[in-house]
1. Quick one: which of 230, 223, 183, 201 is in contact with an Asp or Glu (Cβ under 8 Å, 6 or more places away or on another chain) and of a type in the set (A, V, I, L, M, F, W, C)?
2. Filter the range 63-90 down to the residues that are farther than 20 Å from residue 162 by Cβ and free of Cβ contacts under 8 Å to residues at least 60 places away in the same chain and list them by number.
3. Just the residues that are hydrophobic (A, V, I, L, M, F, W, C) and either open to solvent by 20 Å² or more (accessible area, probe 1.4 Å) or farther than 18 Å from residue 38 by Cα (or both), please, taken from the range 48-86.
4. Show the residue pairs meeting these rules: Cβ distance below 8 Å; 6+ apart or different chains; first residue within the range 125-137 and more than 16 Å from residue 174 (Cα to Cα) and among the aliphatic types (A, V, I, L, M); second residue open to solvent by 40 Å² or more (accessible area, probe 1.4 Å) and assigned to a helix (DSSP H, G or I).
5. Can you say whether residue 87 is part of a helix (DSSP H, G or I), over 18 Å from the mean Cα position of the chain (by Cα), closer than 20 Å to residue 8 by Cβ and not hydroxyl-bearing (Ser, Thr, Tyr), as far as the supplied structure shows?
6. Taking the range 170-181 only, how many residues are in contact with a strand residue (DSSP E or B) (Cβ under 9 Å, 6 or more places away or on another chain) and modelled with pLDDT under 95?
7. Looking at 44, 96 in this structure, which one is closer than 18 Å to residue 162 by Cα, open to solvent by 10 Å² or more (accessible area, probe 1.4 Å) and either more than 12 Å from the chain's Cα centre (by Cα) or among the hydrophobic types (A, V, I, L, M, F, W, C) (or both)?
8. Which residue is farthest from residue 76 (Cα to Cα), if the candidates are limited to the range 31-63 and must be among the acidic types (Asp, Glu) and touching a Lys or Arg at 6+ places or on another chain (Cβ under 8 Å)?
Amino acid sequence: MSSAQPVRSWDEPAGIAPRGTLVLLPGRGEHGGVYERFGHRISADGYRVRALGDASSDPEAITETAIKLLRDETLPGPRVLVGSDTGASHAARLAALEPPGLDALILAGLPTRPHSTEVAASDWEDELERRTACPTHRGRLTADADFRRGALAGSSAPESPVLDGISVPVLGLHGAEDTVSPLGEVRHVFRGQPGAELVSLAGTRHDVLNDVTHRTAAATVVLFLERLRLDSGLAPIAVTKDLV
């Protein structure tokens, strides 16, 4: 029997009408609280955020909780599944099952290899270097007693990622300087998915939602959500005009 999973929540400010819900699956070694900064920023724009735990710790329980949240009609739509690192792999597999209530998928730092063989499990400084260049986030992880060090050296997925069978809109966010899951390999995965969008962030490593460009990452997510609210086909809202 699966165990109950804690859910970290961030809601829209008082007096603001909710605009949608994000169900977030963290990656290796992480927990929902690692995404506090992201949760506060997204919820400030009116979107509720529900962050679960590391899917590799109890995949069945994480899946059950995510499906329950996506089907919860008390949570405003559109309802979007967000995954980071192995959470992205888990989210993609779940989205392919077409769970009721799912309107879109966001994949951040999607792993492309079954094992991160170059990451030393015993070297914390090496893990930090590969995860993030953000001094605030590095300090947060170092001081976090609930964060599981060395997890990045573990298995990421039993097989290479594919987006086959996913019918909802997909947004990918990936660090241009990601050495855990190289951008070139991720581009190959997204290339085979019609309509999927992949955004690379300059100077960004593996923890794309919590790196030095976390503001740009959050803004990119909000722009995607606003387009989704208006049109499931993701018609552009802000359009750059030719001045010639």
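The values are calculated or read from the model by the stated rules, or taken from the named source; none is laboratory data. What you see is a predicted model, and the numbers here were worked out from it, not measured in a lab. Positions of Cβ are generated from backbone atoms using ideal geometry, with glycine treated the same way; all protein chains shown enter the neighbour counts. Surface accessibility is based on the protein's heavy atoms, side chains included, excluding ligands, DNA and RNA. Shrake-Rupley method; radii C 1.70, N 1.55, O 1.52, S 1.80 Å.
1. Unique residue meeting the criteria: 201.
2. Correct list: 67, 68, 70, 71, 72, 73, 74, 75, 76, 77, 79.
3. Here is the first cut: in the range 48-86, the residues hydrophobic (A, V, I, L, M, F, W, C) are 49, 51-52, 55, 61-62, 66-67, 69-70, 75, 80-82.
Passing the criteria: 55, 61, 62, 66, 67, 69, 70, 75.
4. Close Cβ pairs satisfying both conditions: 128/138; 128/142.
5. Values: part of a helix (DSSP H, G or I): yes; over 18 Å from the mean Cα position of the chain (by Cα): no; closer than 20 Å to residue 8 by Cβ: yes; not hydroxyl-bearing (Ser, Thr, Tyr): yes.
Considered against the rule, which asks whether it is part of a helix (DSSP H, G or I), over 18 Å from the mean Cα position of the chain (by Cα), closer than 20 Å to residue 8 by Cβ and not hydroxyl-bearing (Ser, Thr, Tyr), residue 87 comes out as no.
6. 1
7. On the way: 44 fails: closer than 18 Å to residue 162 by Cα.
Of the residues listed, the single one that is closer than 18 Å to residue 162 by Cα, open to solvent by 10 Å² or more (accessible area, probe 1.4 Å) and either more than 12 Å from the chain's Cα centre (by Cα) or among the hydrophobic types (A, V, I, L, M, F, W, C) (or both) is 96.
8. Of all residues in the range 31-63, those among the acidic types (Asp, Glu) come to 36, 45, 54, 58, 60.
Of the ones still in play, those that are also touching a Lys or Arg at 6+ places or on another chain (Cβ under 8 Å) are 36, 45, 54.
Working: 36: 20, 45: 14, 54: 24 Å.
Of everything passing the filter in the range 31-63, 54 is farthest from residue 76 (Cα to Cα).
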